[in-house]
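Worksheet for the structure shown next.
The values are calculated or read from the model by the stated rules, or taken from the named source; none is laboratory data. Bear in mind the structure is a predicted one, so any value in this text is a computation, not a measurement. For neighbour counting, all protein chains shown are included, and Cβ atoms are generated from backbone atoms with ideal geometry for every residue, glycine included. The protein model used for the area step is the full one, side chains on, heavy atoms only, and it has no ligands, DNA or RNA in it. Shrake-Rupley method; radii C 1.70, N 1.55, O 1.52, S 1.80 Å.
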Amino acid sequence: MNMIAYRRYDKVSRALDSNTFLTGGIIKLMENNFSSKQVSETTGLSIHTLRYYEQIGLIDGIERDENGYRKYSQSDIVWFQVLSYFRAMGMPIREMQEFFALNDSQIPAITARREFMETYRIKVIDQMKELEKTLEKVDDKIIFFKNLEESDKLQKNPKKDTRTSRHV
């Protein structure tokens, strides 16, 4: 296992959620090489996204063959899956960069990442509260438009007053 794969393994082992890590057991890093297309198909990320993540520093150490084509390892695929996990949580890329930069902090990485996730959790709760308020406004508008529909139906089809149209 090369040093880059080892460093990425260390990041992955700390970044994966407990269910993934425990049910998957130890992540084995094979030295297989995968093309951009294979990694894209495996991870569900576009080739553009793979390159973008490399460009902005979310993944590093991607080897290249003699023709300059990227050669991804199994650990790279796992790392992309971790990045996808964080995106699925709604984490912005800027915050993902902050999270993964915590290796360089003065606080032990695990503690810093836990604190980061606790702060991120508070942000998610705040977003949920805002979404609840938005949902209430949407529901109010739905009721408003339903009332308008009813009003419009009554204007188009007024009921005849049965009191005035009696036959004698």
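How far is it, in nm, from the label point at Leu154 to the one at Asn67 when both lie 7 Å from their Cα along the line to the Cβ?
Each label point lies 7 Å from its Cα, and together they span 7.4 nm.
Could you state the accessible area per residue of region 46-123 in Å², with a 1.4 Å probe and every protein chain left in place?
Solvent-accessible surface per residue comes out at 57 Å².
Which GluC sites (Glu not before Pro) in region 65-113 pass both tests, a DSSP loop state and at most 14 other beta-carbon atoms within 10 Å?
Glu66
Check cross-link reach from Lys159 to the aspartates and glutamates: straight Cα distance under 19 Å, and skip same-chain residues fewer than eight apart.
Glu149, Glu150
Lys133 to Arg121: extension gain in nm, 0.36 nm per residue of separation minus the Cα-Cα distance? Spell out each step's value before the answer.
Values: separation 12, 0.36 × 12 = 4.32 nm, distance 1.86 nm.
Difference between extended and current length: 2.5 nm.
With labels modelled as points extended 7 Å from the Cα through the Cβ direction, what inter-label distance (nm, one decimal) is found for Ala88 paired with Glu41?
2.1
Give me the tail of P(r) for region 47-163 as a percent: Cα-Cα pairs with distance above 22 Å.
60
For the ranges 69-82, 139-152, what's the packing order if you count other beta-carbon atoms within 10 Å of each residue, average per peptide, and put the highest first? Don't jump to the answer; show the numbers that get you there.
Numbers: 69-82: 20.4, 139-152: 10.0.
The most tightly packed comes first, giving 69-82, 139-152.
Can you give the FRET efficiency for Tyr52 and Ala109, using 1/(1 + (r/R0)^6), R0 = 22 Å, r = Cβ-Cβ distance, to the nearest 0.05? Please report the intermediate quantities before stating the final value.
Working: r = 25 Å, r/R0 = 1.12.
Efficiency for this residue pair is about 0.35.
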